[in-house]
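The values are calculated or read from the model by the stated rules, or taken from the named source; none is laboratory data. Predicted model only: the values in this text are computed from it and were never measured. Every residue, glycine as well, gets a Cβ built from its backbone with ideal geometry; the counts of neighbours run over all protein chains shown.
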Amino acid sequence: MSERRFGAQKLIVSEIFGPTFQGEGYSLGRRCGFLRLGHCNLACSWCDTPYTWDWHRFSPESELSRLDVTEVAARIENMAVPLLVISGGEPMLQQAGLVSLFAHLPPGLAVEIETNGTVAPEPAVTERVSRFTVSPKLTHAAMSRQRRIRPAVLHAFAATDKATFKFVAASPYDLDEIETLTRELDLPDVYVMPEGRDPDQLMERMRALAPAVQERSWSLTTRLHVLLWGDRRAV
Ligand SMILES: Nc1nc2[nH]cc(C(=O)O)c2c(=O)[nH]1
Ligand code: SF4
Ligand SMILES: [Mg+2]
């Protein structure tokens, strides 16, 4: 699983898809291509992409491919999109591979990374990326705080001046936890996103969250791909 074993010219990929719309956060609605990398260092109870890491339920042999960065770059370039979103799994586990990929991408292509905020960005990654969407996990993800919250890493993302912090919330009760955490760690640019893979449930939760998010002067994001296509893979 280590980058050394696979070599930095390769990426362990779950799926490449697009053109689609960035469904979440700062670039919501923007036409983009997606690169979803395999493996994750967390195990969130409500994870919507367990097929990237949960080998009790899925098989890595059928879910993952080890691709040369040149092939990944060619498939993204063929999409003719202005934005590449790299997600996972946890993409920051494969930074050496990402740096190799960057060398093959068109210079004008904007690159965003969706990360759980537990692995700090390397300078060569930060330099090429236009935005990090950092999603620290709350208590309801059902892991120890020590595992899901790494203050020094979150500070490193904040220091890039390219980070927004996007918290998945199931109900307004989760917002107190977000407030405590963001105050304690002085995290800027807070987005709240409802948890859910069903369009009706997502809208219901978003309506419940909206007034309380507004009161706290944060931003709210939907999950556009879920509203449009429900719980489908690769959209
Ligand atoms: N359209 C679309 N937008 C997304 N934004 C973040 C996603 C993710 O899975 O990280 C995602 C995704 O899976 N699809
Ligand atoms: S960090 Fe993301 S990919 Fe990993 S388990 Fe949690 S929700 Fe799933
Ligand atoms: Mg997702």
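The table for this structure:
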item: Scope segment 31-43; condition within 12 Å of ligand 1 (Cβ to nearest atom) and under 13 Å from the mean Cα position of the chain (by Cα); matching residues; result: PHE34, LEU35, ARG36, LEU37, CYS40
item: Which listed residue, of ASP161, ASP54, is of a type outside the set (Lys, Arg), within 16 Å of ligand 3 (Cβ to nearest atom) and free of Cβ contacts under 8 Å to residues at least 24 places away in the same chain; result: ASP54
item: Residue identified as out of contact with any Asp or Glu (no Cβ under 8 Å at 6 or more places or on another chain), crowded, with 16+ Cβ neighbours inside 10 Å and modelled with pLDDT of 95 or more among LEU84, LEU154, LEU105, LEU138; result: LEU154
item: Helices (runs of 4 or more DSSP H) contained entirely in segment 1-78, each with at least 1 residues that are in contact with a His (Cβ under 8 Å, 6 or more places away or on another chain); result: 69-78
item: Single residue of segment 96-114 satisfying the filter (of a type in the set (A, V, I, L, M, F, W, C) and outside any strand (DSSP E or B)) that is farthest from ligand 2 (Cβ to nearest atom); result: ALA103
item: Filter result (under 20 Å from ALA169 (Cα atoms), within 7 Å of ligand 2 (Cβ to nearest atom) and of a type in the set (S, T, N, Q)) within segment 31-57; result: THR49
item: Residue ID - nearest to THR115 (Cα to Cα), chosen from residues in segment 79-92 that are in a loop (DSSP other than H, G, I, E, B) and within 16 Å of ligand 3 (Cβ to nearest atom); result: GLU90
item: Matching entry among ALA141, ALA158 (being farther than 24 Å from PHE17 by Cα and within 16 Å of ligand 2 (Cβ to nearest atom)); result: ALA141
item: Within segment 115-142, tally of residues that are assigned to a loop (DSSP other than H, G, I, E, B), hydroxyl-bearing (Ser, Thr, Tyr) and more than 15 Å from ASP161 (Cα to Cα); result: 2
item: Sole exception among (1) more than 19 Å from ARG145 (Cα to Cα); (2) outside any loop (DSSP other than H, G, I, E, B); (3) touching a Phe, Trp or Tyr at 6+ places or on another chain (Cβ under 9 Å) for PRO211, by number; result: (3)
item: Number of positions in segment 196-227 that are exposed (fewer than 15 other Cβ atoms within 10 Å of the Cβ) and within 16 Å of ligand 2 (Cβ to nearest atom); result: 1
